[in-house]
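Working notes for the structure below.
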Amino acid sequence: MMSAYSPGACDNGEQSRVLEKILKKYKGSEGALIPVLQEAQEALGYLSEETLKKIAKATGRTLAQVYGVATFYAQFRLEPIGKHLVRICHGTACHVAGADDIDAAVCGHLGLPEEGGTTGDMEFTVEKVVCVGACSLAPIMIVDGVAHGRLNPDKARSVIKSYQKSENERSGGGARSGKRAQKKK
Amino acid sequence: MSGKDRVVVGLATCGIAAGGVSVMEEIRREIKKRNLGVEVAETGCIGYCFAEVLVEIQKAGMPKVIYGEVKPNDVPLIVEGHLIEGKILRDKALLIEGRKTPEADFLKKQKRIVLANCGLIDPENIDDYIATGGYEALKKVLSGMTPEQVREEILASGLRGRGGAGFPTGQKWNLCAMAQGKDKYIVCNADEGDPGAFMDRSVLEGDPHAVIEGMIIGGYAIGATHGYIYCRAEYPLAVRRLKKAIADATSRGFLGKNILSSGYSLDIVVKEGAGAFVCGEETALIASIEGKRGMPRPRPPFPANKGIWGMPTNINNVETFANVPWIIRNRAKKFAKMGTVGSKGTKVFCLTGKVRRGGLAEVEMGTTLREVIFGVGGGIKEGRKFKAVQIGGPSGGCLPESLLDTPVDYDSLPAAGAIMGSGGMVVVDDTTCMVDLAKYFLTFTQMESCGKCVPCRLGTKRMLEILTRICKGEGKPEDIDLLEKLAIDIKEGSLCQLGGTAPNPVLTTLRYFRDEYVAHIRDKRCPAGLCVDLVTFHIDPEKCTGCGVCLKNCPSGAISGERKKPHVIDEDKCIKCRECIRRCRFDAVYTV
């Protein structure tokens, strides 16, 4: 799923306000801890210790209970993630179609260990997921919510490169417009 | 649906992943550019997943045609050729209504009840559903049947739970109807966690109202006051379409207070799961809905008596609910005519892996595996040889060629060591190592074990360790016995069915492919040439043309040779990345 979060977009004050809003929405509704955690992660990118403490206080649970739930489900992240989230499917169909080779290609290209992780420049986070349910397009990976199917190692690398390229273009584009601005002067 | 010419694009998750949205945009652009009075619509999964992106064209005076593997740059040709000139583009046509095409068997060999609307109607348009007889069953139930009569009808149909266990649905409804409680819950289990299974997603994305109608009928039959659909968060499109369908059904009076002025009220809320396979288990699912860690608890008390917030709760799978409106509309007798003595109706399978026509296959119960894989699926890809079919996901088993004539039903599959499960059917060929496949499933169950009971938590871990060392060539002769012993202990000692079925992939591969285990342990050899620690890479000098592609792409510089002369691989430098095998166009690289 696309995250509404963009790193560095909101300061601490804004983060608290966003969280307050979510907590208010679910106030008093029984069993709402999971939706609260989901929405908080969606808005803030990950669940920091501070966020978990606030959620515990507002929902009347102990921090241990909230932490227990947050660590039980695969969806929740307690660490910040990179700008682009790459999820490589490891369902059965993808496994027999060579998902491990896709891991190796993507992680090798980004300089990450094969089990994934986040690049040092916080650009990419790579994680393995279990079955996205698009088995006929195996092997498949999802980058920022967009699915790329029928992969092979080359194709997977070029998908990642296209995200790196769009990144470079953006910064390159900035430089060009800078030059244009200079010319105008 | 009007009499206007119509272009329909399959936009379920697979269709979108294959580029369906850009095809759709291109179609709209072409039609607008040429000023054609053609309606462009989207639909759910058409089922021909192997040939996404799928575009169906309905033109007056012409048979209905489905085009496969459509890319944006094919669109002008199709629009001009088919829509303007009225010519069918035969090389792109998968299916031409009423005519024989090579891929026609895919649908012809199926019997579609649950999937009847999938790929035909616009899932986001409630009127499309109503036009196909949607909500008629609900009207029939609320206007002229008592809850007991509804339960009797479902019981008489012989419908059994499609989530895997196969418990008779009518009986389940009776248990919950008789339980006492201030509130009662009806829950749809849409936590389709089996890797290799996507039929529930396809139904939710392609025909969400059928599931909702089935739930309302079930709710009425047991006296439910609230409904939940517990859906995997990994299925964002299904969640979105469900929410829209619930809102539309509510605004038409099919849901909410005093449904169709009958006095019966029910609300349905979508709960998104957060990624835990064990939550497919009923008591774990209930804990998750209550906002807790999704861990199972011992039964009894059964959810029918003590479920969500301690109240009577009835949980059925997506496909089970989707069958209900059909049964009510067509009567139990007609449903019970399909299938075998113990298994009535149809079952939807997700045919994937090395099969030629992978996709959604709904067949009558009792159809043989051979008919599904070779009839519907068209056999094995790239002319390779069938080795096994894995049925039922991590809880299921791998069946060999000798069992291809096993009928798919609730009794025959367990007798062979597999289970019906939710309906994943992954076909593998001779390039798949069965020990590696067993290891794959154990990696999954070990990771997904919730950790509450010891046999599952520690047992699956130990089994995985043994399988890992066998794949590395470090297996010991006693490992096979140890695996079997552990498997039985885990099956008997686990609290829930996750542990209770986790050893099945190992047990069935040991039963039918024991020689592969022996080859790994005794001969330190992987017959499929897959386990990297047991294979070495070589180039066949007879086949090698010396084109140099492997040499250029070898990341470790292990390949040498002069141009136009056979190349060789230096075993010491080779990192076994398989890049040379993938690159070689002459099939010259092989493993030993």
- (1) more than 14 Å from chain B (Cβ to nearest Cβ); (2) hydrophobic (A, V, I, L, M, F, W, C); (3) closer than 26 Å to B:Gly68 by Cβ all hold for A:Val132 apart from (1)
- Query: Give me the pairs: first residue in region B:265-290 and farther than 21 Å from A:Val129 by Cα, second residue of a type in the set (D, E, K, R), beta-carbon distance under 7 Å, and six or more apart or on different chains, which are they?
  - Reply: B:Ser265/B:Lys257; B:Val270/B:Lys243; B:Thr283/B:Arg297; B:Thr283/B:Arg299; B:Ala287/B:Arg293; B:Ile289/B:Lys271
- Note on the structure: Every listed condition ((1) within 14 Å of chain A (Cβ to nearest Cβ); (2) aliphatic (A, V, I, L, M); (3) in contact with a His (Cβ under 7 Å, 6 or more places away or on another chain)) holds for B:Leu285 save (3)
- Could you please let me know if A:Gln164 is at the interface with another protein chain (Cβ under 8 Å from one of its Cβ atoms), in contact (Cβ under 8 Å) with a residue 24 or more places away in the chain and not β-branched (Val, Ile, Thr)? no
- Which of the residues spanning region B:272-282 are more than 12 Å from every other protein chain (Cβ to nearest Cβ) and outside any helix (DSSP H, G or I)? B:Glu281
- So which of B:Cys433, B:Cys453 is out of contact with any strand residue (DSSP E or B) (no Cβ under 6 Å at 6 or more places or on another chain) and farther than 29 Å from A:Val69 by Cα? B:Cys433
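Yes/no per residue for (1) in the same structural domain as B:Gly421 (by TED's automatic domain parsing); (2) assigned to a loop (DSSP other than H, G, I, E, B); (3) of a type in the set (A, V, I, L, M):
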| site | (1), (2), (3) |
| --- | --- |
| B:Tyr220 | no, no, no |
| B:Tyr230 | no, no, no |
| B:Val239 | no, no, yes |
| B:Leu260 | no, no, yes |
| B:Gly294 | no, yes, no |
- Within the bounds of region B:307-322, is there any residue that is more than 14 Å from every other protein chain (Cβ to nearest Cβ) and farther than 20 Å from B:Tyr220 by Cα? no
- Are there any pairs, at least 6 apart or on different chains, whose C-beta atoms fall under 8 Å, with the first in region B:562-589 and away from chain A (no Cβ under 14 Å) and the second among the hydroxyl-bearing types (Ser, Thr, Tyr) and assigned to a loop (DSSP other than H, G, I, E, B), and if so, which? B:Lys564/B:Thr545; B:Glu571/B:Thr536; B:Lys573/B:Ser556; B:Cys574/B:Thr536; B:Cys574/B:Ser556; B:Phe586/B:Thr545; B:Ala588/B:Thr545
- Task: State whether the residues of region B:127-134 include one that is surrounded by 18 or more Cβ atoms within 10 Å (Cβ to Cβ) and not acidic (Asp, Glu).
- Result: yes
- Only one of A:Gly45, A:Gly60, A:Gly68, A:Gly31 is within 11 Å of chain B (Cβ to nearest Cβ) and at positive phi, namely A:Gly31
- Query: Scanning region B:1-27 for residues that are charged (D, E, K, R) and surrounded by 15 or more Cβ atoms within 10 Å (Cβ to Cβ), which turns out nearest to the other protein chains (Cβ to nearest Cβ)?
  - Reply: B:Glu26
- Those helices (runs of 4 or more DSSP H) completely within region B:482-566 that have 1 or more residues that are under 30 Å from B:Ser402 (Cβ atoms) and either acidic (Asp, Glu) or at pLDDT 95 or above (or both) are B:497-501, B:504-512, B:514-521
- Note on the structure: Going through region A:50-69 in order, the residues found to be under 19 Å from B:Ala274 (Cα atoms) and of a type in the set (Asp, Glu) are none
- Would you point out the residue of region A:135-144, among those that are facing another protein chain (nearest Cβ under 8 Å) and assigned to a loop (DSSP other than H, G, I, E, B), that is surrounded by the most Cβ atoms within 10 Å (Cβ to Cβ)? A:Ile140
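Being among the β-branched types (Val, Ile, Thr) and under 28 Å from B:Gly529 (Cα atoms) is the filter; apply it to region A:102-125 and report the residue that is farthest from the other protein chains (Cβ to nearest Cβ). Spell out the reasoning first.
So the first thing to find is which residues in region A:102-125 are among the β-branched types (Val, Ile, Thr), and the list is A:102, A:106, A:118-119, A:125.
Subsequent filtering for residues that are under 28 Å from B:Gly529 (Cα atoms) retains A:102, A:106.
Working: A:Ile102: 12, A:Val106: 14 Å.
Among those residues, the one meeting the criterion is A:Val106.
Within region B:419-449, count every residue that is within 14 Å of chain A (Cβ to nearest Cβ), in a loop (DSSP other than H, G, I, E, B) and either within 26 Å of B:Lys387 (Cα to Cα) or without any contact (Cβ under 8 Å) to a residue 40 or more places away in the chain (or both). Steps first, please.
Step one: filter region B:419-449 for residues within 14 Å of chain A (Cβ to nearest Cβ), giving B:421-449.
Checking which are in a loop (DSSP other than H, G, I, E, B) leaves us with B:421-423, B:430-433, B:449.
Those left that are additionally either within 26 Å of B:Lys387 (Cα to Cα) or without any contact (Cβ under 8 Å) to a residue 40 or more places away in the chain (or both): B:421-423, B:430-433.
So the answer is 7.
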- Item | Qualifying residue in region A:74-89 (condition: in the same structural domain as A:Tyr163 (by TED's automatic domain parsing), under 21 Å from A:Gly133 (Cα atoms), in a helix (DSSP H, G or I) and not acidic (Asp, Glu)) | no
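Going by the conditions given, is A:Val96 surrounded by 18 or more Cβ atoms within 10 Å (Cβ to Cβ), aliphatic (A, V, I, L, M) and at pLDDT 95 or above? Before the answer, list the steps.
Working: surrounded by 18 or more Cβ atoms within 10 Å (Cβ to Cβ): yes; aliphatic (A, V, I, L, M): yes; at pLDDT 95 or above: no.
No; evaluated as a whole, the condition is false for this residue.
Whether any residue in region B:164-187 is among the basic types (Lys, Arg), buried (at least 17 other Cβ atoms within 10 Å of the Cβ) and more than 26 Å from the chain's Cα centre (by Cα) is what I want to check.
Our first condition is that a residue be among the basic types (Lys, Arg); within region B:164-187, this holds for B:172, B:182, B:184.
Next, only the ones that are buried (at least 17 other Cβ atoms within 10 Å of the Cβ) stay: B:172, B:184.
So of that shortlist, the ones also more than 26 Å from the chain's Cα centre (by Cα) come out as B:184.
Looking for residues that are among the basic types (Lys, Arg), buried (at least 17 other Cβ atoms within 10 Å of the Cβ) and more than 26 Å from the chain's Cα centre (by Cα), one finds at least one in region B:164-187, hence yes.
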- Query: Residues of region A:92-101 being farther than 15 Å from A:Cys135 by Cα and either more than 7 Å from chain B (Cβ to nearest Cβ) or aromatic (Phe, Trp, Tyr) (or both), which ones?
  - Reply: A:Asp100
- Out of B:Gly263, B:Gly256, sole residue that is touching a strand residue (DSSP E or B) at 6+ places or on another chain (Cβ under 9 Å), small (Gly, Ala, Ser), more than 22 Å from B:Ser422 (Cβ to Cβ) and surrounded by fewer than 17 Cβ atoms within 10 Å (Cβ to Cβ): B:Gly256
- For B:Lys292, work out the one condition from (1) within 14 Å of chain A (Cβ to nearest Cβ); (2) within 23 Å of B:Pro195 (Cα to Cα); (3) among the basic types (Lys, Arg) it doesn't fulfil. (2)
- Query: In region B:450-466, what residues are within 14 Å of chain A (Cβ to nearest Cβ) and either within 27 Å of B:Leu530 (Cα to Cα) or crowded, with 23+ Cβ neighbours inside 10 Å (or both)?
  - Reply: B:Cys450
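The rows are residues; the columns are (1) within 21 Å of A:Tyr26 (Cα to Cα); (2) in a helix (DSSP H, G or I); (3) under 18 Å from the mean Cα position of the chain (by Cα).
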site	(1), (2), (3)
B:Lys243	yes, yes, no
B:Ile246	yes, yes, no
B:Phe254	no, no, no
B:Val270	yes, no, no
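The values are calculated or read from the model by the stated rules, or taken from the named source; none is laboratory data. A quick note: this is a predicted structure, and the numbers were derived from the prediction, not measured. Reconstructed Cβ throughout: ideal geometry from the backbone, glycine too, with neighbour counts over all protein chains shown.
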